[in-house]
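Report on one structure; see the data block that follows.
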Amino acid sequence: MILAYRWLIVLLFGVALIRYEVLEHSAAEGVETEFLVEVLVLGILFPMFAGLFLSEVNKTELLKAQVERRIALENELRQRFNLAKNWEELSQSIVQFPREIAPFLSQSLLLSNQAKSRLETVVEWQVPGGNIPPYPTYLPFILQEQPPGLYQIPFDQFPDLDHCEDCHGYSLPLQHGRITVGFLHLYLPRDQAILESDTRILIDLAPMLSFAIESMRPDGTELIRANASETEQRRLARYLHDTVGKNWDISS
């Protein structure tokens, strides 16, 4: 919007210069060539170069604002990680923080268990009334190397994952070196698309998230959800019932 106003000012300035030249030379004779040169330089070329200069200034200002925002978010995220006393607090910070970047409805942190070729849902967070289907505790998945980025969630690779029809699902790979630590799944409303600047911030912050996870993630072969809700507790009970063969009393 600001850039459009600047171009409008440049256009009006050019029209004013042309108008001035027309009035100045309207009564003169034999100055057609000089008049055309002045109109070309003062009425067209000068405003055009002025507009290009203002455009570059605007781009620089936008880039500066994006860098300042990324640095501020990075500092805030680092502070949250430093204040986290245990894995539960850290994992909660990881899934809640993307909300500071874009209006996500839901965030889910999935960590990789390469020994069992699966992802394990550690923690989820969503806005009240988000209506995003809860994730299974375990998702079979063959980990493949992929470059850093933000991708559409490959629902065809997750047959056990309910597809949100009213959302855009994004997957942010979390990598430490060449090792895929896990993924952060993010959901936006269907009528919204993530901005390119927000995408860049998420990609830039992904290494920090990966390092924090590797520094504090609990040991052991089984990672279960931190701060499990009642729904998640029932799912875990069903899993234990199916695998151990004991009867569990699952109540609401």
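The values are calculated or read from the model by the stated rules, or taken from the named source; none is laboratory data. Note that the structure is predicted; figures quoted are calculated from it, not measured. Neighbour counts are summed over all protein chains in view; Cβ atoms, including those assigned to glycine, are modelled from backbone coordinates with ideal geometry. The area values use the complete protein model at the heavy-atom level, side chains included, leaving out ligands, DNA and RNA. Shrake-Rupley method; radii C 1.70, N 1.55, O 1.52, S 1.80 Å.
If you roll a 1.4 angstrom probe over the protein chains with everything in place, what fraction of the accessible area of region 108-156 belongs to carbon and sulfur, to the nearest %?
Working: 1320 of 2420 Å².
Exposed carbon and sulfur together represent 54 percent of the surface.
Scaled against 2.2 N^0.38 Å for its residue count N, the alpha carbon radius of gyration of region 80-197 is 1.04.
Taking the Cβ of residue 97 as the centre, find all other residues whose Cβ is under 10 Å away and add up their charges (Lys, Arg: +1; Asp, Glu: -1).
Working: positive: 80, 99; negative: 76, 100.
My count for the surroundings of residue 97 gives 0.
Summing charges over neighbours of residue 175, with a neighbour being any other residue whose Cβ is under 11 Å away from its Cβ, gives -1 when K and R count +1 and D and E count -1.
Ligands, DNA and RNA excluded, the heavy atoms of residue 76 present near 60 Å² of accessible surface to a 1.4 Å solvent probe. In this view, the solvent-accessible surface of residue 209, computed with a 1.4 Å probe and all protein chains in place, comes to about 10 Å². Find out how many positive minus negative residues lie around residue 70, taking Lys and Arg as positive, Asp and Glu as negative, among other residues whose Cβ is under 9 Å from that of residue 70. Result for the neighbourhood of residue 70: -1.
For region 78-157, the per residue solvent-accessible surface stands at 49 Å², with DNA, RNA and ligands left out and a 1.4 Å probe.
Multiplying the residue separation of residue 193 and residue 88 by 0.36 nm and subtracting their alpha-carbon distance yields 34.8 nm.
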